[in-house]
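Trainee: Dropping the structure in here first, questions after.
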Amino acid sequence: MSFRHKITKTDPDLSFRKTVDIKPEFLKKLGIKGLILDVDNTLTTHDNPVPAEGIAEWLENMKKSGIKLIIVSNNHPERVKPFADPLGLDYVSDSGKPLKKGYIEAMKRMGLTKKETAAVGDQLFTDIWGAKNAGITSIFVQPMELEGRHKRFIRFKRVLEKPFLPEKFIEDKGEVL
Ligand SMILES: [Mg+2]
């Protein structure tokens, strides 16, 4: 057995190339009624106050379809609030992912159980590991951008993630789109 297969804490339950490829119908089939959303590189590029192209529409469509949404971010309130407020999203900032406390708080606010909740994020060692710690479905999305040269720590984390990144994506299985 390879080293990769000994580490299962970072294996996402589901993997998508893009956040906007996650469809409400797909979630409903799985019994998922709410999404816990990461911000940086999941809904927009790093430290960008404006959602990435198609994200505002994607969020609106989720809400219309009855999927509850909440942001859980390790970033500070000064970063998260100006992003979340215009979109009408509740948020938990400084969440301490991969600890489960932020996810538990988010589920409480949505009024949903573990089985009814999934978390979406671009980092295996925070978003995915945290979802596993909280006992909820984990959904990996590819990061929206590779960070600039000054983001050395994030780049380092990406290098560490590389051997564990998923190789198969839901988009490749025709039936869900
Ligand atoms: Mg992120």
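Trainee: Which of the numbered conditions does GLU25 fail, given that it passes all the others? Conditions: (1) within 16 Å of the ligand (Cβ to nearest atom); (2) out of contact with any Leu (no Cβ under 7 Å at 6 or more places or on another chain); (3) under 18 Å from GLU171 (Cβ atoms).
Mentor: That leaves (1) as the condition not met.
Trainee: Output yes when any residue across segment 69-92 is more than 15 Å from the chain's Cα centre (by Cα), within 16 Å of the ligand (Cβ to nearest atom) and either within 15 Å of THR137 (Cβ to Cβ) or loosely packed, with under 14 Cβ neighbours inside 10 Å (or both), and no when none is.
Mentor: Yes, because at least one residue in segment 69-92 is more than 15 Å from the chain's Cα centre (by Cα), within 16 Å of the ligand (Cβ to nearest atom) and either within 15 Å of THR137 (Cβ to Cβ) or loosely packed, with under 14 Cβ neighbours inside 10 Å (or both).
Trainee: I've got another one for you. Considering only residues that are exposed (fewer than 14 other Cβ atoms within 10 Å of the Cβ) and assigned to a loop (DSSP other than H, G, I, E, B), which ones fall in segment 97-113?
Mentor: If the condition is that a residue be exposed (fewer than 14 other Cβ atoms within 10 Å of the Cβ) and assigned to a loop (DSSP other than H, G, I, E, B), then GLY111, THR113 are the ones that fit.
Trainee: Further, regarding this structure: Could you look through segment 100-125, keep only residues that are hydroxyl-bearing (Ser, Thr, Tyr) and touching a residue at least 60 places away in the same chain (Cβ under 8 Å), and pick out the one that is farthest from the ligand (Cβ to nearest atom)?
Mentor: Here is the first cut: in segment 100-125, the residues hydroxyl-bearing (Ser, Thr, Tyr) are 103, 113, 117.
When the remaining residues are screened for being touching a residue at least 60 places away in the same chain (Cβ under 8 Å), the result is 103, 117.
Values: TYR103: 15, THR117: 18 Å.
Out of the qualifying residues, it is THR117.
Trainee: Consider LYS81 carefully, then state whether it is at pLDDT 95 or above, among the basic types (Lys, Arg) and over 21 Å from SER15 (Cα atoms). First the steps, then the outcome.
Mentor: On the way: at pLDDT 95 or above: yes; among the basic types (Lys, Arg): yes; over 21 Å from SER15 (Cα atoms): yes.
Judged against the criteria, LYS81 is a match.
Trainee: Inside segment 20-57, can you point out the residues that are open to solvent by less than 40 Å² (accessible area, probe 1.4 Å), of a type in the set (D, E, K, R) and not in a loop (DSSP other than H, G, I, E, B)?
Mentor: ASP21, ASP40
Trainee: For segment 80-94, how many residues are within 21 Å of PHE125 (Cα to Cα) and either in contact with an Asp or Glu (Cβ under 8 Å, 6 or more places away or on another chain) or of a type in the set (Val, Ile, Thr) (or both)? Walk me through it before giving the result.
Mentor: Going residue by residue through segment 80-94, those that are within 21 Å of PHE125 (Cα to Cα) are 80, 91-94.
Next, only the ones that are either in contact with an Asp or Glu (Cβ under 8 Å, 6 or more places away or on another chain) or of a type in the set (Val, Ile, Thr) (or both) stay: 80, 92.
Residues flagged as within 21 Å of PHE125 (Cα to Cα) and either in contact with an Asp or Glu (Cβ under 8 Å, 6 or more places away or on another chain) or of a type in the set (Val, Ile, Thr) (or both) within segment 80-94 amount to 2.
The values are calculated or read from the model by the stated rules, or taken from the named source; none is laboratory data. Here the structure is a predicted model, which is why all the values come from computation and not from measurement. Note: ideal-geometry Cβ built from the backbone for every residue, glycine included; neighbour counts use all protein chains shown. With ligands, DNA and RNA removed, areas are computed over all heavy atoms of the protein, side chains included. Shrake-Rupley method; radii C 1.70, N 1.55, O 1.52, S 1.80 Å.
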